[in-house]
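FYI, it's all coordinate maths here, none of it is from the lab. Worth saying up front: this structure is predicted, and the values here are computed from it rather than measured. Here the Cβ positions follow ideal geometry from the backbone for every residue, glycine too, while neighbour counts run over all protein chains shown.
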Amino acid sequence: DQQVKQNSPSLSVQEGRISILNCDYTNSMFDYFLWYKKYPAEGPTFLISISSIKDKNEDGRFTVFLNKSAKHLSLHIVPSQPGDSAVYFCAASSNFGNEKLTFGTGTRLTIIP
Amino acid sequence: GAGVSQTPSNKVTEKGKYVELRCDPISGHTALYWYRQSLGQGPEFLIYFQGTGAADDSGLPNDRFFAVRPEGSVSTLKIQRTERGDSAVYLCASSNALGLAEYNEQFFGPGTRLTVL
């Protein structure tokens, strides 16, 4: 039972353009959502998060949008840079993220110079 | 300061053997998490410690898996009678979560790649 789904295993985007990564969840108990970025042979690193009481959170080039009625969130990266090439994981939790994280299967983003 | 460290970075063992994986969290972090990442999947939760006690061990797949954190710092994940299906990257994370109503980032280590032959 995959409670957090990332349906696109890979995405290629031209440098300078917008990258949009999508994530869907099924568990209504989730109230905190996060995006992690992972490079090969390294652990995931936190990128940005959003609480269920908000519908948008922005941090520099990164913006996360949450649509609770659709149980959908997305990560927008603009402009995309070569260093953004990595695997991106969507994760969900409860209690402000201070408990276990439930991860999606990841989307490999490749930025084309 | 230093991040989360995990040893060994790679472990190759034979089916049926016992293995121990170690995690050194960020100094002062009260919460420690173990996850397992199989090929092509996202990290999957195993167990979460708050201090010395396991606050949630619902992700441990069976009784061959056990984890301890005796002094509230270093943690060891122990796997008995290893099976080929246990092959994965085992990730450890720590945070300063105190149950307060604010997000406390989980910082991940680089993981231990376990291969069971």
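Summarising the label geometry, the points placed 7 Å from Cα in the beta-carbon direction at residue B:84 and residue B:2 lie 3.7 nm from one another.
Toward the positive end of the charge dipole of the protein assembly as shown, about the Cα centre and with charges on Cβ (Lys, Arg +1; Asp, Glu -1), which of A:45, A:64, A:2 goes farthest? The one lying farthest along the dipole's positive direction is A:2. Over the stretch B:59-98, the ratio between the Cα radius of gyration and 2.2 N^0.38 Å evaluates to 1.35.
Find the relative contact order for chain A and round it to a whole percent, using C-alpha pairs within less than 8 Å whose residues are 6+ positions apart.
Values: 274 pairs, mean separation 42.5, N = 113.
Rounded, it is 38 percent for chain A.
As a rough footprinting exposure proxy, the listed residues B:82, B:30, B:7 were ranked by other beta carbons within 10 Å of their own, and the order from fewest upward is B:7, B:30, B:82.
Binning the C-alpha pair distances of chain A at 5 Å intervals from 0 yields a P(r) profile of 2, 13, 24, 26, 20, 10, 4, 1, 0 %, listed from the shortest bin outward. Once backbone amide H atoms are built at 1.01 Å from N, residue B:115 has B:11, B:12, B:13 as its partners under 5 Å, excluding neighbours fewer than 5 places away on the same chain. At the listed q of 0.16, 0.17 Å⁻¹, the Debye profile of the protein assembly as shown, built from one uniform point per Cα, gives log10 I(q)/I(0) equal to -1.13, -1.24.
From the square roots a ≥ b ≥ c of the eigenvalues of the alpha-carbon gyration tensor of the stretch A:39-103, which class results: rounded (a/c under 1.5), prolate (a/b over b/c), or oblate? Intermediate results must be reported in sequence, preceding the final value.
Values: a/c = 2.15, a/b = 1.25, b/c = 1.72.
Verdict is oblate for the stretch A:39-103.
Listed by chain and number, the lysines whose C-alpha is less than 22 Å from the C-alpha of residue B:11, apart from same-chain residues fewer than 8 away, are A:38, B:78. Semi-axes of the equivalent ellipsoid for chain B, computed as √(5λ) from the eigenvalues of its C-alpha gyration tensor and ordered from largest down, come to 24, 14, 13 Å. Ignoring aspartates and glutamates fewer than eight residues from residue A:37 along the same chain, the ones with Cα atoms less than 20 angstrom from its Cα are A:15, A:24, A:58, A:59, A:84, A:99, B:44, B:105. Under a model in which nothing but the beta-carbon of Lys, Arg (+1) and Asp, Glu (-1) is charged, the protein assembly as shown shows a dipole of about 520 debye around its Cα centre.
About its Cα centre, the dipole of the stretch B:1-113 is roughly 500 debye, where the only charges are +1 on Lys and Arg Cβ and -1 on Asp and Glu Cβ. Taking other Cβ atoms within 10 Å as a rough exposure proxy, B:11, B:78 sort from fewest to most as B:78, B:11.
Within straight-line reach of residue B:17, meaning a Cα separation under 16 Å, sit the following aspartates and glutamates at least 8 residues removed in sequence or on another chain: B:63, B:83, B:86. Once the chain from residue A:61 to residue A:8 is taken as fully extended at 0.36 nm per residue, the excess over their C-alpha distance is 17.0 nm.
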